[in-house]
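Scroll down for the structure; my scribbles are underneath it.
The values are calculated or read from the model by the stated rules, or taken from the named source; none is laboratory data. Not measured: the values here are computed from a predicted model. All Cβ positions, glycine included, derive from the backbone under ideal geometry; neighbour counts span all protein chains shown.
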Amino acid sequence: MCNPRRIEVTATRHLAEAWTREVQRAVRLSALVNGEARVRQSLATVGAPALDALEERLRAGIAGWERFEGGYRHAVRGGYVEYRPDDQSLEIVAVASEAIEGWGEVVVHLEGQLQEEIAANAGARYYDDGYGGRTQEVAEREARAGAERELDEQVRRRMREVAEAAEAEHGDKVRSQAEAVAKNDLERQRAARAQALERQAQADLTAVGAEARLAFHRILALGYRDALLALARARGASGIQCSEQGDSLEIEFTLPD
């Protein structure tokens, strides 16, 4: 048996292959739709000393009331109430909310043609004396077949790479289109639900108003208490006593003769 030899075969192929790729992008957007109903009332009938004392309390901070640009706000079930010091008014807002989702999906078909030269090498062993049937001819056939298989794999790989590159290039644009469709769907649903939610808020306004006024009257009572106590002290009252029980507030004092 002679020493083994090796034969190498290089195969080349000119590619002129058409490729296609389906690019699909889907976007889901969510939003909260609100319907509102409002009622506003002046507090002109409330004594100025009580409102001044109330505002001083609010500036110092009262649990549940938060500062905003126009005044102070307190959340209640189904809405909120706002006190606005600038015009000493109370605004009650009932809010009806609903979560909606917009859906957008876009499918784009990309296509093109890959044209390039590719090459692949493969080898096989043989013996000069043909030991074990390993002749040069057999080795050459095996090497050529191996090179062709490698070419086939390269073709598949290159076609996949080209299609994936095209998808990467166009993917953001397709997603933007899907997002635009989702936004349109979201706006369509928003418009469809807005009026119904406003009607719901209007129907809830009475109940929200009752809870909102109760919340405001609680802190207004503090304003009255502070104003009365300040007045009593200013007039030299004695025996000043102040007690609270639930929603009841009692103040006792004796003014000098």
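Points to keep in mind about this one:
- Matching strands (runs of 3 or more DSSP E) fully within segment 38-142 where at least 2 residues are over 30 Å from residue 185 (Cα atoms) and of a type in the set (D, E, K, R): 65-68, 79-84, 89-127
- Filter pass, residue 25 being free of Cβ contacts under 8 Å to residues at least 12 places away in the same chain, buried (at least 16 other Cβ atoms within 10 Å of the Cβ) and charged (D, E, K, R): no
- When the residues of segment 72-97 are filtered to those that are of a type in the set (Gly, Ala, Ser) and touching a residue at least 12 places away in the same chain (Cβ under 8 Å), the one that is surrounded by the fewest Cβ atoms within 10 Å (Cβ to Cβ) is 97.
- Single match in 5, 59 (criterion: under 35 Å from the mean Cα position of the chain (by Cα), of a type outside the set (Ser, Thr, Tyr) and either surrounded by fewer than 17 Cβ atoms within 10 Å (Cβ to Cβ) or modelled with pLDDT of 95 or more (or both)): 59
- Matching entry among 150, 161, 117 (being in contact with a His (Cβ under 8 Å, 6 or more places away or on another chain) and under 22 Å from residue 12 (Cβ atoms)): 117
- Subset of segment 154-173 [in contact with a strand residue (DSSP E or B) (Cβ under 8 Å, 6 or more places away or on another chain) and either hydrophobic (A, V, I, L, M, F, W, C) or loosely packed, with under 13 Cβ neighbours inside 10 Å (or both)]: 155, 159, 162, 163, 164, 166
- Check on residue 117, without any contact (Cβ under 8 Å) to a residue 40 or more places away in the chain and over 30 Å from residue 215 (Cβ atoms): no
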